[in-house]
Amino acid sequence: PPSTPAGVGLSARTGELTNPDNTAMVYLYYDLAGIPAPVDQWVENDNRVNYARGADKAAQRATVKAAIQAGMASVRNVGVIHLTTNANLSAYDPTYNEFTLGALSPGSVYTFEALRQTVTLKFDNGLAAQTWSVPGDQAQAITDRVGSDSLTLDVTMQITNVLPNPDGGTIVAHVVSWNLRDGRDGSTVARVTVKR
């Protein structure tokens, strides 16, 4: 897909977000896309404004608007996202000498909903990122050690594109590296830098 005009300077963005919440991802999407955020609408939809007594509404509006503007300022220049998720490790495939990480598959989509907007996060290199090559003689030891259900994945990704649509949009990212941890004791099982 063609890059949006905002996509031009994405590689120059050096800020980082770690395990962002839904609202931060909506703010980030607007910042990346270069689309004016509907801040006044978000203020009016906020429960602190809706449920304020008439005399307090103006003050609540100012408070909520300031909080939104601070949130939007906090994601400016973010180009790297660190995400922790369940690895969803496959069984070992002896034909290809590899495990695959379902969390990074090409079809993986992470959804963030806030402020009546839906922002999705997808990977542009899922096929390469999901593959963990392991020699056959080491695979059994890994399987014996970790099983498959308690693995945590820490992913580092670089934002490469943003695809707007009317009710939110998609942030596209390139998986740079990942760290696989045993969820029970936190020990590192593997560290992989994804080949470009």
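The values are calculated or read from the model by the stated rules, or taken from the named source; none is laboratory data. Owing to the predicted nature of the structure, the values given are computational and were not obtained by experimental measurement. Please note: Cβ atoms are built from the backbone with ideal geometry, for glycine as well, and neighbour counts cover all protein chains shown. The accessibility values were calculated without ligands, DNA or RNA, using every heavy atom of the protein model including side chains. Shrake-Rupley method; radii C 1.70, N 1.55, O 1.52, S 1.80 Å.
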*Being under 22 Å from residue 79 (Cβ atoms), assigned to a strand (DSSP E or B) and without any contact (Cβ under 8 Å) to a residue 12 or more places away in the chain, is that true of even one residue in the range 179-186?*
no
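Between 87, 24, which is crowded, with 19+ Cβ neighbours inside 10 Å, within 30 Å of residue 138 (Cα to Cα), touching a Gly at 6+ places or on another chain (Cβ under 8 Å) and among the small types (Gly, Ala, Ser)? Working first, answer last.
Values: 24 fails: within 30 Å of residue 138 (Cα to Cα).
Selected residue: 87, the only one of 87, 24 that is crowded, with 19+ Cβ neighbours inside 10 Å, within 30 Å of residue 138 (Cα to Cα), touching a Gly at 6+ places or on another chain (Cβ under 8 Å) and among the small types (Gly, Ala, Ser).
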*Pairs, please: C-beta under 9 Å, at least 6 apart or cross-chain, first residue of a type in the set (S, T, N, Q) and in the range 159-173, second part of a loop (DSSP other than H, G, I, E, B) and modelled with pLDDT under 95?*
160/3; 161/1; 161/3; 161/4
*Does the range 27-36 contain any residue that is more than 20 Å from the chain's Cα centre (by Cα) and either closer than 20 Å to residue 178 by Cα or surrounded by fewer than 19 Cβ atoms within 10 Å (Cβ to Cβ) (or both)?*
yes
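Please pick out the residue among 101, 121, 151 that is under 26 Å from residue 188 (Cα atoms), at pLDDT below 95 and under 21 Å from the mean Cα position of the chain (by Cα). Even if it seems obvious, please write down each step before you answer.
Values: 101 fails: at pLDDT below 95; 121 fails: at pLDDT below 95.
Every option except 151 fails the conditions.
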*Out of 127, 115, report the one residue that is buried (at least 19 other Cβ atoms within 10 Å of the Cβ) and over 23 Å from residue 150 (Cβ atoms).*
115
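Restricting attention to the range 187-196, and to residues there that are modelled with pLDDT of 90 or more and outside any strand (DSSP E or B), which single residue is surrounded by the most Cβ atoms within 10 Å (Cβ to Cβ)? Before the answer, list the steps.
The initial filter retains those residues of the range 187-196 that are modelled with pLDDT of 90 or more, namely 187-194.
Filter once more, so that each one left must be outside any strand (DSSP E or B): 187, 194.
Details: 187: 10, 194: 19.
Ranking the qualifying residues of the range 187-196, first place goes to 194.
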*Residue pairs meeting the criteria (Cβ under 8 Å; at least 6 apart or on separate chains; first under 19 Å from residue 9 (Cβ atoms), in the range 73-87; second open to solvent by less than 60 Å² (accessible area, probe 1.4 Å) and of a type in the set (Phe, Trp, Tyr))*: 74/27; 75/27
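Quick check, is residue 103 more than 18 Å from residue 22 (Cα to Cα), open to solvent by 40 Å² or more (accessible area, probe 1.4 Å) and touching a strand residue (DSSP E or B) at 6+ places or on another chain (Cβ under 9 Å)?
On the way: more than 18 Å from residue 22 (Cα to Cα): yes; open to solvent by 40 Å² or more (accessible area, probe 1.4 Å): no; touching a strand residue (DSSP E or B) at 6+ places or on another chain (Cβ under 9 Å): yes.
Here the answer is no, as residue 103 does not meet what is asked.
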*asked:* Which pairs turn up if I take residues in the range 39-60 that are open to solvent by 60 Å² or more (accessible area, probe 1.4 Å) and look for partners that are of a type in the set (S, T, N, Q) with beta carbon separation below 8 Å, at least 6 apart in sequence or on another chain?
replied: 44/50; 48/60; 48/63
